[in-house]
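Working notes, structure below.
Rule-based calculations on the coordinates, nothing more; no lab input. From a predicted model like this one, the values you see are computed outputs, not experimental measurements. As a convention, Cβ positions derive from the backbone with ideal geometry for all residues, glycine included, and neighbour counts pool all protein chains shown.
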């Protein structure tokens, strides 16, 4: 079974600084998708970034970027120039590539606080 | 366009009762997934519907069921409620499958007393 591990339950960052959130996963598949979702206090889950395993290039979305290490099964999220609005719970998630297994497996999440 | 909507937003039920939650996906989206979120277990996949058919199912007892209508709206039902069913139930929609960009609703907070 696929598992997603987020070993740090909480992290804190100073406003305008950079923070990296860690995620590791376990799978025997070669083609899959990885995601980072943000859940602010409103509880509305928002997709932050998506990475397809067969793509070598790390995904980037504005201040958010990932470091995808396929061999190490590691998928970390880097938030640059942290803003107060980045404070939220962040979930790493995995999904098979095939349409027949269309579900996400989530990690336990990490709570990120941003200090002004 | 309108986002994913879930009704009701909050619900209080008693043990043994049953409950039905509703989810309206984004217009044009045909895949609807349901997740249960609790502090202890985190986010767990319940099931996914596509074109009125259940395409995937998580490891939940048969008390949890769902369905999808021809307009892609989905409902989930929990029968014989237990205290442990207290959770935030999230619905998510995507055009075809969860691997595509998946949009989540605000959730329904269910409390079982």
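Worth a mention:
- Every residue from region A:86-116 that is surrounded by fewer than 16 Cβ atoms within 10 Å (Cβ to Cβ) and more than 30 Å from residue B:46 (Cα to Cα): A:115, A:116
- Number of residues in region A:36-75 that are more than 17 Å from residue B:43 (Cβ to Cβ) and part of a loop (DSSP other than H, G, I, E, B): the value is 13.
- Of the residues making up region A:75-85, just one is over 13 Å from the mean Cα position of the chain (by Cα) and either within 14 Å of chain B (Cβ to nearest Cβ) or surrounded by 17 or more Cβ atoms within 10 Å (Cβ to Cβ) (or both), namely A:82.
- The sole residue among B:65, B:74, B:93 that is buried (at least 16 other Cβ atoms within 10 Å of the Cβ), in contact (Cβ under 8 Å) with a residue 12 or more places away in the chain and closer than 25 Å to residue A:51 by Cβ is B:93.
- Of the strands (runs of 3 or more DSSP E) that lie entirely inside chain B, those containing 2 or more residues that are within 9 Å of chain A (Cβ to nearest Cβ) span B:31-38, B:42-50, B:53-57, B:87-94.
- Matching residues, region A:17-39, being surrounded by 14 or more Cβ atoms within 10 Å (Cβ to Cβ) and either within 25 Å of residue B:6 (Cα to Cα) or out of contact with any strand residue (DSSP E or B) (no Cβ under 6 Å at 6 or more places or on another chain) (or both): A:27, A:35, A:36, A:37, A:38, A:39
- Any hit, region A:61-74, residues being within 12 Å of another protein chain (Cβ to nearest Cβ), surrounded by fewer than 19 Cβ atoms within 10 Å (Cβ to Cβ) and either at positive phi or touching a residue at least 12 places away in the same chain (Cβ under 8 Å) (or both): yes
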